[in-house]
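Here the structure is laid out as structure tokens; the discussion comes afterwards.
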Amino acid sequence: MDLTIDVEDYKLNVRAAGVIIHNNKVLAHKNINSDHYALIGGRVAIGDDSEKTVKREIQEELGKEIEITGYVATVENFFEMKDAKYHEILFIHRAEFKNEEDKKIEYTLKNIEGKDYLQYEWLDLGKIEEYPLLPEAVKEVLKENKFPVHKINNEM
């Protein structure tokens, strides 16, 4: 069961994501029906830690094994989506593909779970401000390139 709890008029999410960087580009996912990108990851399941969550999500979504190589940030994220208010705690880890051939990938990847609406693209870190990457605080984290860091992202 995912760590998503209804508290008064908020949804509390605990989420974890991975930052995979190659050739000054970061891998992000995009729902083709949406107008923004996000780091690859998902909700932390009860009893799992955030590192295990990132490994599981990337394995499920891309069929790729990763190793966690460092801790990047914690982002407290407040936002509204689909008429709901969210309070999200986001743990971000640095990750690398384990397979040497996977480390050479520079093309758009497809979701292997059958979620054809999800695609995984490499975003140029030098132009990160130009991308609709959410939460906005992630752009600051990537630009500053000083880890670990704690950010508060309030879009309410």
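First select every other residue whose beta carbon is under 10 angstrom from the beta carbon of Ile20; then total the charges, Lys and Arg +1, Asp and Glu -1.
So the surrounding residues net to +2.
Could you size up the charge dipole of the chain around its Cα centre, putting +1 on the beta carbon of Lys and Arg and -1 on that of Asp and Glu, and report it in debye to the nearest 20?
Working: 22 positive and 32 negative charges, 71 e Å.
My answer is approximately 340 debye.
Given an 8 Å cut-off on Cα distances and at least 6 residues of separation, report the relative contact order of the chain as a percent.
Relative contact order of the chain: 29 percent.
For segment 62-113 and segment 131-156, what is the separation of their C-alpha centers, rounded to whole Å?
14
Can you compute the equivalent ellipsoid semi-axes for the chain, i.e. the square root of 5 times each eigenvalue of the Cα gyration tensor, sorted largest first and rounded to whole Å?
So the equivalent ellipsoid measures 23, 18, 16 Å along its semi-axes.
Considering only DSSP beta bridges whose two residues both sit in the chain, what percent are antiparallel, to the nearest 5? All intermediate terms of the calculation are to be shown ahead of the outcome.
Details: 37 of 54 bridges.
Antiparallel: roughly 70 percent of the beta bridges in the chain.
Considering the options Gly70, Gly18, Ala45, tell which one lies farthest towards the positive end of the dipole of the chain, charges being +1 on Lys and Arg and -1 on Asp and Glu at the Cβ, about the Cα centre.
My answer, from the dipole projection, is Gly70.
Translational diffusion coefficient of segment 77-156 at 10 °C, 1.306 mPa s, Stokes-Einstein with Kirkwood Rh over Cα pairs, in µm²/s as a whole number.
The estimated diffusion coefficient comes to 104 µm²/s.
Per-residue ellipticity at 222 nm for the chain, helices alone: DSSP H runs ≥ 4 residues times -39500 (n - 2.57), over residue total, nearest 500 deg cm²/dmol?
-4500 deg cm²/dmol
Quickly work out the Lys11-to-Lys98 label distance, labels modelled 7 Å from Cα along the C-beta direction, and quote it in nm with one decimal.
3.2
Throughout, read-outs are computed from the coordinates displayed, never taken from laboratory work. Note that the structure is a prediction, hence the values are computed from the model and not measured. Ideal geometry is used to build each Cβ from the backbone, glycine not excepted, and the neighbour counts take in all protein chains shown.
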